[in-house]
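Chemist: The structure that follows is given in the form of structure tokens.
Bear in mind that the values in this text are calculations on the coordinates, not laboratory data. Quick caveat: nothing in here was measured; it's all calculated off a predicted structure. Cβ coordinates were reconstructed from backbone atoms using ideal geometry, including for glycine residues, and neighbour counts include every protein chain displayed.
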Amino acid sequence: MGTIAGPQRQGPRSVAQTPHLLDIQGVHKHFGTFEVLKGVDLAVAECELVFIIGPSGSGKSTLLRCCNRLEEPSDGRIFVNGDEITARGADLNALRRRIGMVFQAFNLYPHLTALGNVTLALRKVVGKSRAEADEIALQALDRVGLKDKAENYPSQLSGGQQQRVAIARALALEPRIMLFDEPTSALDPELVGDVLAVMKDMKDAGMTMLVVSHEMRFARQAADRVVFMDEGRIVEQGNPEEVFANPKSERARAFMSQVH
Ligand code: ADP
Ligand code: MG
């Protein structure tokens, strides 16, 4: 506790009255006059996997990006493990270590090997020695089934393998929560399964996860809760069967009929 709020900001606002690992409270986001998030409340418990669906443009990516301050919310507060990450003076490096993020585009450095990609932040941000960083990175690559590819460059890896390296890179920093933004959308269909299997392993190992994806089958297998977003709001939520089989709102019903 207390490692995210910087020295300038230690007032009572940085202490959350919440047992949730991630607590998004009343988050709004404007881009100019356009309101992308119109007051989102979402609390994620430890070890919970919350799966977010919704039409393109409904604000899913913006919401995830607010959770590690790639976007600044216009209003509202977000807590991770009781620390307010939206507090002024929050230590962005510290909070990004605790909130791992995996994107649709893998964003690996092409001139670094898999190992080099995973060790980079460990060495430059965390300050680990090369030997320590290598050891941690090899364990992380092992977790995603790619220890034997440590010396491969991204161009020598399939898309699915590259995405698993990106997951290992996040895992190596020992995050408290992992955010996934359409992690399999850029992959050829036959490569999707390996990435989802790694995500399922993480869930089974107790990782707290917030996942934006269209992989409804994965949601049925792994999600504790499905949240449907539309036009910057959470419209409905529930367990996967409930939301997929019996969407309550007209908008969710229309969305499900398109994706199924
Ligand atoms: P989703 O991930 O659900 O498809 P996004 O969060 O990416 O939705 O985007 C929601 C809306 O916000 C879209 O209309 C998008 O064009 C707009 N938007 C996203 N990022 C920006 C930005 N940096 N500047 C202006 N508009 C943006
Ligand atoms: Mg998106």
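Chemist: Do you know the Lys pair count in the chain for C-alpha distances under 23 Å, with sequence separation 8 or more or different chains?
Modeler: 14
Chemist: For a protection proxy built on the mean count of beta-carbon atoms within 10 angstrom, sort 253-259, 84-90, 42-48 highest first, please.
Modeler: Top to bottom by mean Cβ count within 10 Å: 84-90, 42-48, 253-259.
Chemist: Ignoring everything except DSSP H segments at least 4 long, calculate the 222 nm mean residue ellipticity for the chain; use -39,500 (n - 2.57) per segment, divide by total residues, nearest 500.
Modeler: It comes out at -10500 deg cm²/dmol, rounded to the nearest 500.
Chemist: Additional query: Place a +1 charge on the Cβ of each Lys and Arg in the chain and a -1 charge on the Cβ of each Asp and Glu, then give the dipole magnitude about the Cα centre in debye, rounded to the nearest 20.
Modeler: 580
Chemist: Cut-off 10 angstrom, C-alpha nodes, Gaussian network model of the chain. Which of Asp91, Asp181, Asp23 fluctuates the most?
Modeler: Between Asp91, Asp181, Asp23, it is Asp91 that shows the largest mean-square fluctuation.
Chemist: Now for a different question. Give the order of Arg251, Arg217 when sorted by the count of other beta carbons within 10 angstrom, beginning with the fewest.
Modeler: Arg217, Arg251
Chemist: What whole number of Å gives the distance from the Cα centroid of segment 225-239 to the Cα centroid of segment 23-44?
Modeler: The two parts, judged by their Cα centres, are 13 Å apart.
Chemist: Something else: If we count every other residue with Cβ under 15 angstrom of Ala254's Cβ, Lys/Arg +1 and Asp/Glu -1, where does the sum land?
Modeler: -1
Chemist: Moving to a separate point now. Determine the shape class of the chain: with a ≥ b ≥ c the square roots of the Cα gyration tensor eigenvalues, call it rounded for a/c under 1.5, and otherwise prolate if a/b is greater than b/c, oblate otherwise. Can you show the working numbers first?
Modeler: Details: a/c = 1.88, a/b = 1.16, b/c = 1.62.
Here the chain falls in the oblate category.
Chemist: I've got another one for you. For segment 48-111 and segment 140-181, what is the centre-to-centre distance using only Cα atoms, to the nearest Å?
Modeler: Spelled out, the Cα-based centre of one part sits 19 Å from the other.
Chemist: Here's something else I'd like to know. Could you run the Karplus curve 6.51 cos²θ - 1.76 cosθ + 1.60 with θ = phi - 60° over segment 26-39 and give me ³J(HN,Hα) per residue in whole Hz, x for Gly and Pro?
Modeler: x, 7, 10, 9, 10, 10, x, 8, 8, 9, 7, 10, 10, x
Chemist: How do 153-163, 103-113 rank on mean C-beta neighbours within 10 Å, highest first? Could you put the intermediate results ahead of the total?
Modeler: Details: 153-163: 18.5, 103-113: 15.4.
Ranking the peptides 153-163, 103-113 by packing returns 153-163, 103-113.
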